[in-house]
Every structure is written in C-alpha cells, then in structure tokens.
Amino acid sequence: MLNNRLYPNLRRPMKARNHNLPRRPVSTSRENMAKSKYEYVKNFELPDPCLPNCWIVVRIDGRGFSRFAEIHGYVKPNDIRGLNLMNRAASCVMDEFRDICLAFGQSDEYSFVFRKDTNLFNRRASKLMTTVNSLFASSFVFHWTAFFGPIRLQYPPTFDARVVMYPTDKNLRDYLGWRQADVHVNNLYNTAFWGLVLKKGFSNAQAEERLRGTLASDKNELLFSEFGLNYNNEPPMFRKGTVLIRKLCKTPGDGKLRHVVLPFYTDLIGDVFWRENPEILGLKSLQIYHRPSEDNTPAPEQSKASPKQQEQGSPGSSASTSNEVTTQEKSN
C-alpha cells in the first residue's frame, strides 16, 4: 500500500466528536442590535395610555385652511366639493377602525369618538392620534380628484390633532353639543359675511365692521331683509354639520347585512338622536337601518316669514338625515 506523502493526515483515524457539548446559540443581526449597548434609549419612551373606561375623542383640524381654500378656489361660504371630500376622508377612517362609534364633522375639523372599552393600540394616545390623523390626511389627498376633478393640489394640506378623554356619557354629549353649536355660530356669520362681500360689494374689512357686535337675531334679520334669505331654509348640513355613524344595511340583491357608515344631519344637543341610536352610548350591537320612505320624510321648511317672527338659527331645529355625503367648510 502506497504511503500518502502529500496528505499524511488521511491515514490517521478521525477522533470522535462529543455531540453532547453545549452549542453556541445562533443569533440574528436584529437580535444583536436589540440587545446591544444602545438598547437603553428605549427608556426615554414614555407610556401614554388613555384612562380606562373613558370615551376617547381624536379631533383633527385643518391648519391654515383659509389659505388652502382660497388658493384652491373653494366656493364661499360653503363648497359642496370640499364638504363631500371631508366626509369621504372621515368615512375611510371609520371603515378602517371599527372601534370608532361616531364621527362629527364641521368646517375643516372632524371628531372621532372611540368606544370607551376599546383596546386599540393598548389605548396609547400617541398611536391613536397619529394613525387617525395620517389616514385622514392621506385619504383627503387620495380622493381629491374624485371631487375637484381637474383642479390640481397646489400643496399638501396639513391637519393637526389632539386626544381628549371624557369619563361620562354626559361629558361626551356636552362635547358634541359644543362642536355643533360652533357650526351654527360659524355658518351664520359666514353666510352673512360672504353675502355682504359677494352680493353687496363690501370689502372684507367693511363686512367685518358691519357685523361687529351683532347678535344671531341681527344676522338673521340682515339675511332676510338684505337678501331675502330665511336661514332656517339653508341645508341642514350647513347649519348642523355631519354626523357619521355605523349601521347594518341590507345589500341589494342578496339581502345580506353589512356594516355601512351613514351620514346624518341632525341635532346632537337634544335627546331624540340618542334615543333613536342607543347602541352608541350603550355599547350595544348595531341596529339595522331602514331608509325612511318619502311619505314619512318631513317636508323642508319653506316659511317666508321674517326671522323675528319665528325662532331662527337654532342648531337643534328641523333635524334631518340623508345618505348623501357632505361636510361644512369654514370660509372666514
């Protein structure tokens, strides 16, 4: 047998390996990074959970929206395109997060009410606020052309956001009543202001001076005497804002029930809305929505009497609902 001079180790018997020795664990680069010396920086992140058993409201508000509306040619005092776009963006948010039981929109703002028992993102305020705000803003941009057609965005819109917690049902209702009262105040002023500017040729400064110190009754009388406009006959969506809630609706054809976000233009200050939609505060199962028939739909007010002869401009009068999507745009 020839000796292997080039590879003498081939003739040596192989030494048995001890397979019982502990093996060195194999770690990924990600694990190495997580357990590195830099891991201490996580201690600077502060927990921000919302209080338990509280209604969580995320309110977003347009930043510099008067300039945005001016540059993009919004119609004064209310632009249906912009109103519809705001509601579409809000509906996208509600479609994504089922724990939002109600949303209320007016002008360039929207309030989203999370169920008091939600555990979304472990109730972290920063997560809820940033996710809702970013989805709303991106939806606003994504659906822009569907409502404004060939008018291109000149620059990205900006929305700020905040989180507020309300411990009781009354606190939540008072908050929504406050926001709806704001609709009435802003829209009544804007309707009178832009009437003076667009129809009477007033400058902005002259219109502001004309309305300075006036009460709601004074503005109602001005609208009627100067423009023949009864403010109570304005579309409810302008006077009341838009309420979005989730209902069960039957699909045409197969009759299957599905979750649908519906807009309502109704009074949130009184008790009627809350009695008709007990699932919101009661955290109950969704109700099946039945579209009101024409016979049961109250006719719109057509009174031509002077505003001083009837109660005018109340945000709680002439409640109505609709399946058309609109919102309200702040013009001043």
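The values are calculated or read from the model by the stated rules, or taken from the named source; none is laboratory data. Since the structure is predicted, the reported quantities are computational estimates derived from the model, not experimental observations. Note that we place each Cβ from the backbone using ideal geometry, even for glycine, and neighbour counts take in every protein chain shown. Surface areas here come from the heavy atoms of the whole protein model, side chains and all, with no ligands, DNA or RNA. Shrake-Rupley method; radii C 1.70, N 1.55, O 1.52, S 1.80 Å.
Residues of the stretch 99-118 with the amide nitrogen closer than 17 Å to a label point 7 Å from the Cα of Arg63, along Cα-to-Cβ, please. In the stretch 99-118, the label zone of Arg63 (backbone N under 17 Å from the point 7 Å along Cα→Cβ) covers 108-110.
Heavy atoms of the protein chains alone define the surface here; on that basis the stretch 119-166 has 56 Å² accessible area per residue at 1.4 Å probe size.
What share of Cα pairs, in percent, lie more than 19 angstrom apart in the stretch 112-231? Of all Cα-Cα pairs in the stretch 112-231, 68 percent lie more than 19 Å apart. Compactness of the stretch 56-183 is given as radius of gyration and Dmax, 14.9, 46 Å, from Cα positions.
With a threshold of 23 Å on the Cα-Cα distance, the over-threshold entries among Lys116/Lys250; Lys256/Lys284; Lys127/Lys247; Lys116/Lys256; Lys170/Lys240; Lys127/Lys284 are Lys116/Lys250; Lys127/Lys247; Lys116/Lys256; Lys127/Lys284.
log10 I(q)/I(0), Debye, Cα-only the stretch 179-296, no solvent, q = 0.21 Å⁻¹? So the normalised log intensities work out to -1.16. Spin-label model, Glu70 to Leu46: label points 7 Å out along the Cα-to-beta-carbon direction sit 3.7 nm apart.
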